[in-house]
Each structure stands twice: as structure tokens, then as C-alpha cells.
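The values are calculated or read from the model by the stated rules, or taken from the named source; none is laboratory data. The shown structure was predicted, so the numbers you read here are calculated from the model rather than taken from an experiment. We place every Cβ from the backbone using ideal geometry, glycine too, and count neighbours over all the protein chains shown. For accessibility, only protein heavy atoms count, side chains too; no ligands or nucleic acids. Shrake-Rupley method; radii C 1.70, N 1.55, O 1.52, S 1.80 Å.
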Amino acid sequence: MSQYPEAHFIKSANTRQQFVPDSGVEVAVAGRSNAGKSSVINVIVNRRQFARTSKTPGRTQLVNFFSLREGERLVDLPGYGFARVAESVRRHWGELLSDYFRDRKSLRGLLLIVDIRRKLTDYDRQMMAFAEDVDLPVHILLTKADKLKRGQAATALLDVQKELGGRATVQQFSALRRAGESQARDVLERFLGTAKPA
Ligand SMILES: Nc1nc2c(ncn2[C@@H]2O[C@H](COP(=O)(O)OP(=O)(O)O)[C@@H](O)[C@H]2O)c(=O)[nH]1
Ligand SMILES: [Mg+2]
């Protein structure tokens, strides 16, 4: 049973004029393409094809808005590889994302999805910089943890924590094994401000 029975895709946006109205609260999800972002969203919402059902060709290069509950959204940010797109496209997205982070009043936190085998890349550092500029809390999911041996995964976690130096929280995650699911959902709820007091 999903904790978000009313969750649904709202719309994709390619320009800020297409963003959904900036009211309520939302949490952004970012990650390089293929890092495992859609899989994380599917696990959090507990629906197999949730982040994919609305997938149309090129949707990975759009800002995708999902409703979790009334007035609470998840926003799937484009995760193209910075090196693989044309300079003009890169500039468009750089500006759109920096505007998004700077101006979005409903934005409460960033979930950054990172392949545990690659650790932080320049894309991730750029996303962190956008978030830090506006004092937005960041939580990193080191996903595909099932691809590493336990010891290797623990070392990767420590390496990332060391680089972050407390600027973000970080956890291991596996969509395949649904490992780290409740921790990720707790952080999401905390960012949204809907977590029940302990
Ligand atoms: N083994 C394993 N594979 C994963 C995991 N998460 C995603 N994948 C695979 O990685 C590929 C990219 O995943 P996807 O969620 O589409 O990545 P996105 O491009 O960041 O949205 C797909 O083939 C997934 O099945 C995971 O936790 N473990
Ligand atoms: Mg995806």
C-alpha cells in the first residue's frame, strides 16, 4: 500500500512559465541520468511504474512535477550528463535550474540521487552549489548499493561523507532490494514539514 494513494503526475515543464503554481511545499529530486532517480521515486511512492508511466521521449530533459498529496509535490529535475548535450541546451538548463533553485518559494529540500559506484560527480557538485546558495537542505541517496559488497559500500559512504563535511546528509539505498526506503521517506517527510514529531 502506498503512503501516497493520491500521488499522480501533474505536468512536465521546459520553461519556468510552465512550472506549476509556486504554492504549498515541494521537494526536488536530482541525479545524473541513469543514476537511478526514477527507481528511487517509484520505491518512495511504492508504485512500480510511477515515475515512468508519464515518460514520453525526452522527458528526462524536462522538469516533471508530481503531486504526492494536496499541496505537496515531488519535482523530478532533468539529469542529463553535462558533457553529452549541446552547449546551448546546457546553458538553457543551467539557467532554468539556477532560476528554479533561487526563486522557488515552495522548495523545501533536495534529494540528490548518486550511483554509489561513481560517487559525487561535477553534476552533483553543481546541484549542491545551487542548493547551498539558497540554504536548502540536501540529502544524498547513494543508490544501487546492491551492486557493491557490503564493505565497499560502507567505504563509499564514508568517502562521500568526508567530501561533504556535513554539508548534506547521506545514506545508502537500493531500489532493487528496497533498502533504505523508510529512511529516505522520513527525510522526504521532514523536508515537506509533514513529519510527525518524535
Ligand atoms: N541493481 C540496481 N539497479 C538499479 C537500481 N536503481 C536503478 N537501477 C537500474 O539502473 C537503470 C537506471 O535507472 P533509472 O531509475 O531509470 O535511472 P534515472 O535515469 O536516474 O531515472 C535501470 O536499468 C534500473 O533498473 C538499484 O538500486 N539497483
Ligand atoms: Mg529517470
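Listed values, structure above:
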{"read-out": "Sorted peptide list for 25-35, 179-189, criterion being average Cβ within 10 angstrom, highest first", "value": "25-35, 179-189"}
{"read-out": "Accessible area of the chain belonging to carbon and sulfur atoms, whole % at 1.4 Å probe", "value": "49"}
{"read-out": "Spherically averaged projected area in nm², based on the convex hull that wraps the Cα atoms of the chain", "value": "11.1"}
{"read-out": "Other-chain or far-sequence residues with amide H under 5 Å of Asp115's (modelled H)", "value": "Thr143"}
{"read-out": "For Asp159, solvent-accessible area (1.4 Å; no DNA, RNA or ligand), Å²", "value": "60"}
{"read-out": "Ordering of 110-116, 40-46, 88-94 by packing [mean C-beta count within 10 Å, highest first]", "value": "110-116, 40-46, 88-94"}
{"read-out": "Efficiency of FRET between Glu181 and Asp133 - r from beta-carbon atoms, R0 45 angstrom, step 0.05", "value": "0.90"}
{"read-out": "Structure-based [θ]222 nm, the chain - -39500 (n - 2.57) summed over DSSP H runs of at least 4, per residue, nearest 500", "value": "-10500 deg cm²/dmol"}
{"read-out": "Distant-in-sequence amide H partners of Arg73 (H built 1.01 Å from N, under 5 Å)", "value": "Val25, Glu26, Val27, Leu68"}
{"read-out": "Placed amide H near Ile140: partners under 5 Å, 5+ positions off or other chain", "value": "Leu112, Thr169, Val170, Gln171"}
{"read-out": "In the stretch 84-198, lysine pairs closer than 25 Å at Cα, eight or more apart or cross-chain", "value": "8"}
{"read-out": "Hz values of 3J(HN,Hα) by residue in the stretch 25-32 - Karplus curve (6.51, -1.76, 1.60), Gly and Pro given as x", "value": "10, 8, 10, 8, 10, 10, x, 4"}
{"read-out": "Solvent-accessible area per residue, Å², over the chain with all protein chains present [probe radius 1.4 Å]", "value": "51"}
